[in-house]
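Reading through the structure tokens given below for one structure.
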Amino acid sequence: PGILLGDAVHAVVKHLQLNPPQVLEITDKGLQSIQTKQQQNGVNGNRIKTPPRTPFTNGTGSMSANRSRGGSSHDDAPPSYNVVAESTPAPQVTMPPIPDKYPQLEGLSRAELDNLLEDELEFMSLVHKLDVYDEIFCLGSSRLNENVRLAKENLERETKLKELRGEVKSLHRTLQSKMETFTQLEERQNAICAPPDKELTLRKLNKAKKEAFEESENLAETWVEDGGSIDDFCKEFLAKRKVHHVRAAKMEILKNSGGYGI
């Protein structure tokens, strides 16, 4: 009877080692083979199924990754636990060896063993007295303390990270503003450096030619009415008429050559 109960306790300890809530990955090759065999054959004829992880949603059916598409309401939200867990490798945990004998069961009668199996509280009390359980509990406690330490370190860095995040946002806004200014200046530069339109240039030259002609005519009318030095009148009149003829010549060159070398 002691051997049968020992096998039962042995199986319970195996189950605790294979399915502890703190362990994410089994590193022992022997335990891995047992776990694989259980998943293939199932327990009591039923296949073991692990519930699939469901991606985090924001209540409207969209995943948390939608925050990257400009959702300002989720800019400050932390990442989904499932996303972090899937992208983070499982920690390496060294489990204690499974004992072959249990001195607590030696000397018990068959009736006492049966009562122990039927009474869940007594059975769990016995499990809690096992040395291997204490080792597993200490291992879990050390992991918990390590997680608490890391969490405190992260909280201490939170203020600094928020300040850096604010600086990055400010620099990003400055960059956007400067990029808009650069785009406007680039468009102006392209317009200035682009070759002029032939028809537009001809219209401007024609208008300027007429203005020069009108200025010379007005000068002549003023000199006829008011009089003055003929030498000064000739100099000024010829200068304005020269401008008129130069612009007219440029128009002819542009029309005949089709180029802009005027």
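The values are calculated or read from the model by the stated rules, or taken from the named source; none is laboratory data. This one's a predicted model, so the numbers in the text were calculated from it and none came from an experiment. Reconstructed Cβ throughout: ideal geometry from the backbone, glycine too, with neighbour counts over all protein chains shown. Each accessible area value is taken on the protein alone, full model and side chains, heavy atoms only, with ligands, DNA and RNA left out. Shrake-Rupley method; radii C 1.70, N 1.55, O 1.52, S 1.80 Å.
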For the range 127-247, the accessible surface attributable to carbon and sulfur atoms (probe 1.4 angstrom, ligands and nucleic acids excluded) amounts in percent to 57 percent
For ILE230, what accessible surface area do you get with a 1.4 Å probe? Give it in Å², rounded to 10.
100 Å²
With all protein chains in place and a 1.4 Å probe, PHE213 shows an accessible area in Å² (nearest 10) of 70 Å²
More than 15 angstrom separation, counting every C-alpha pair in the range 92-166; what % is that?
71 percent
Which of LYS210/LYS240; LYS235/LYS255; LYS204/LYS250; LYS198/LYS242; LYS204/LYS240 exceed 19 Å between C-alpha atoms? The answer is LYS235/LYS255; LYS198/LYS242
Residue by residue, what Karplus-based ³J(HN,Hα) values in Hz, rounded to whole numbers, does the range 166-172 have, using 6.51, -1.76 and 1.60 with θ = phi - 60° and x for Gly and Pro?
x, 5, 5, 5, 5, 5, 5
Please give the FRET efficiency for ALA239 paired with PHE182, using the beta carbon to beta carbon distance and R0 = 45 Å, rounded to the nearest 0.05.
0.50
